[in-house]
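Down below is the structure, laid out as structure tokens.
The values are calculated or read from the model by the stated rules, or taken from the named source; none is laboratory data. Because the structure is a prediction, the values reported are computed rather than measured. Every residue, glycine among them, receives a Cβ derived from its backbone with ideal geometry; neighbour counts consider all protein chains shown. Protein only, heavy atoms only, side chains kept; ligands, DNA and RNA dropped before computing areas. Shrake-Rupley method; radii C 1.70, N 1.55, O 1.52, S 1.80 Å.
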Amino acid sequence: MRSFEANFDGLVGPTHNYAGLSFGNVASQSNASAISNPQAAALQGLEKMLAVSKLGLVQGVLAPQQRPDIATLRTLGFSGSNGQVLEQAFKQAPHLLMSCYSASSMWTANAATVSPSADSRDGKVHFTPANLVNKFHRAIEPEVTGNILKATFRDPEYFAHHQPLPSHEMFGDEGAANHTRLCTEYGKQGVQLFVYGQHGSDASKPKPSRYPARQTLEASQAIARLHGLSDDHTVYIQQNPEVIDQGVFHNDVISVGNQNVLFYHEQAFLDSDRKLAEIKQKFGESPLHFIKVATSDVSIENAVRSYLFNTQIIETGRNEMAIIAPTECQENEQVHRYLQSLVEGDHPIKQVRYFNVKQSMQNGGGPACLRLRVALTEAELAGVNSATLIGDDTHQALSQWVKHHYRDRLTINDLRDPALLDESLTALDELTKLLQLGSVYPFQQV
């Protein structure tokens, strides 16, 4: 049976704004309080999705969160009408209001960790929503994320859905942004790489000193157990604390892999030689390409600024691959020069395609942040909610929906506007009908 990798991108929500909430994410912090354009952000994401689907890949969309999260604001002591809750929060604790308005769920690389049926003990595709405990604005996402994943990957014959890990720093989990799978074919047993920033239960182990390490070893091990993975095909690698302190807040800012290619910066990991040897041993005798980028070719600063590694590596056929990169990689002289030379190397990556996702980039997420990878067989794809798959008709319908409901300018001051809340809920209610999701949002369950 044919197998393939599907990409499910997060649809940018109608409250997309620049609040600079993500400490450790240089792009997010440097653009704090800038004026955002939610409509442009959503349309840019949809254009990328359509382009990927036209390359012959299966492309889907995941709905955004309900924002603002009025229920959380009420839990924190704000009361009265919805408008009064927004006004009180704006005046008394604007950082809480901005957190409850965040459209960060668009970065679905953080939505969950996914293991394909070829790797799991029970032969099902497994999903564990990330608890995202390191950032308050993201820690309020997991419940609705789980609802959306269940409404998208519906058939219990093929899909197993788990609860998020306990909401404690020992089990800090940031999802697929710290997870990569290598394989010869998507439908065959692969090697799953879990990259962690620190040990959650042993303070004596190496960890960053300036910025937080968001993924723990304990979280990665728990997910491997939940998904029924074999120790013989699982590798745990620690991210280099020094690069975390330079703004590499997730592994997908410094490394990306697909099938038999691992593309990484030479400073990405601790104990690289030993861990790469372990990957090779567990991968087996089939060809495996380690593409190491030297600091002399691309500095950490330029890697973070351009999001060179927050790119997608996609299969284009005939044992060849392409990199989907943000236009920032094209605009960065050192990175662009490196990518021009990369495609001439002795490995499957033979082309680079550039996409404009500047609204996402300015808020701290590149092409790889926007997508959740799900390896599927044809039978499993038939169990997916087909309304969430992107083609010309779905793209057109969603684009029209965005143009009708989204503002083209949003400032922090606009977050106190009760009309924005009403606009957002009206839009999301219509979206659940377009995508046939049912009642996934709290406001629909009252």
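Details
- Scanning region 66-78 turns up one or more residues that are acidic (Asp, Glu) and open to solvent by less than 30 Å² (accessible area, probe 1.4 Å).
- Test result for residue 209, open to solvent by 10 Å² or more (accessible area, probe 1.4 Å), more than 26 Å from residue 99 (Cα to Cα) and part of a loop (DSSP other than H, G, I, E, B): no
- For region 137-154, a residue qualifies if it is hydrophobic (A, V, I, L, M, F, W, C) and touching a residue at least 60 places away in the same chain (Cβ under 8 Å), and the qualifying residues are 140, 144, 148, 149, 151, 153.
- Looking only at residues in region 263-278 that are in contact with a strand residue (DSSP E or B) (Cβ under 7 Å, 6 or more places away or on another chain) and open to solvent by less than 30 Å² (accessible area, probe 1.4 Å), the one that is nearest to residue 295 (Cα to Cα) is 265.
- Qualifying residue in region 91-104 (condition: part of a loop (DSSP other than H, G, I, E, B), at pLDDT 95 or above, under 20 Å from residue 147 (Cβ atoms) and hydroxyl-bearing (Ser, Thr, Tyr)): no
- Residues considered: 167, 230, 201. Of these, the only one that is hydroxyl-bearing (Ser, Thr, Tyr), modelled with pLDDT under 95 and surrounded by fewer than 18 Cβ atoms within 10 Å (Cβ to Cβ) is 201.
- Selection within region 167-181: residues that are more than 12 Å from the chain's Cα centre (by Cα) and part of a helix (DSSP H, G or I). The member of this set that is nearest to residue 133 (Cα to Cα) is 169.
- Members of region 405-446 that are assigned to a loop (DSSP other than H, G, I, E, B) and either open to solvent by 60 Å² or more (accessible area, probe 1.4 Å) or closer than 25 Å to residue 35 by Cα (or both): 406, 407, 408, 409, 411, 417, 436, 439, 445, 446
- Candidates are the residues of region 258-273 that are of a type in the set (A, V, I, L, M, F, W, C) and assigned to a loop (DSSP other than H, G, I, E, B); the one that is farthest from residue 180 (Cα to Cα) is 270.
- Among residues of region 212-227 being under 21 Å from residue 115 (Cβ atoms) and among the small types (Gly, Ala, Ser), the one that is surrounded by the most Cβ atoms within 10 Å (Cβ to Cβ) is 219.
- Odd one out for residue 52, checked against (1) in a helix (DSSP H, G or I); (2) at pLDDT 95 or above; (3) open to solvent by less than 10 Å² (accessible area, probe 1.4 Å); (4) among the β-branched types (Val, Ile, Thr): (2)
- Cross-chain or 6+ apart pairs with Cβ under 6 Å, region 80-98 first and free of Cβ contacts under 8 Å to residues at least 60 places away in the same chain, then open to solvent by less than 40 Å² (accessible area, probe 1.4 Å) and of a type in the set (Gly, Ala, Ser): 96/89
- Boolean, residue 162 is open to solvent by 10 Å² or more (accessible area, probe 1.4 Å) and either small (Gly, Ala, Ser) or in contact (Cβ under 8 Å) with a residue 40 or more places away in the chain (or both): yes
- Residues that are buried (at least 21 other Cβ atoms within 10 Å of the Cβ) and polar (S, T, N, Q), drawn from region 281-325: 306, 310, 311, 312
- Qualifying residues in region 361-404 (those that are within 27 Å of residue 178 (Cβ to Cβ) and of a type in the set (S, T, N, Q)) - the one most open to solvent (accessible area, probe 1.4 Å): 362
- Selection within region 106-139 - open to solvent by less than 30 Å² (accessible area, probe 1.4 Å) and farther than 24 Å from residue 156 by Cβ: 106, 107, 109, 110, 132, 135, 137, 138
- Within region 233-257, the residues that satisfy the criterion of being of a type in the set (A, V, I, L, M, F, W, C), part of a loop (DSSP other than H, G, I, E, B) and open to solvent by less than 10 Å² (accessible area, probe 1.4 Å) are 248, 254.
- Output for region 221-232, where each listed residue is in a helix (DSSP H, G or I) and under 22 Å from the mean Cα position of the chain (by Cα): 221, 222, 223, 224, 225, 226
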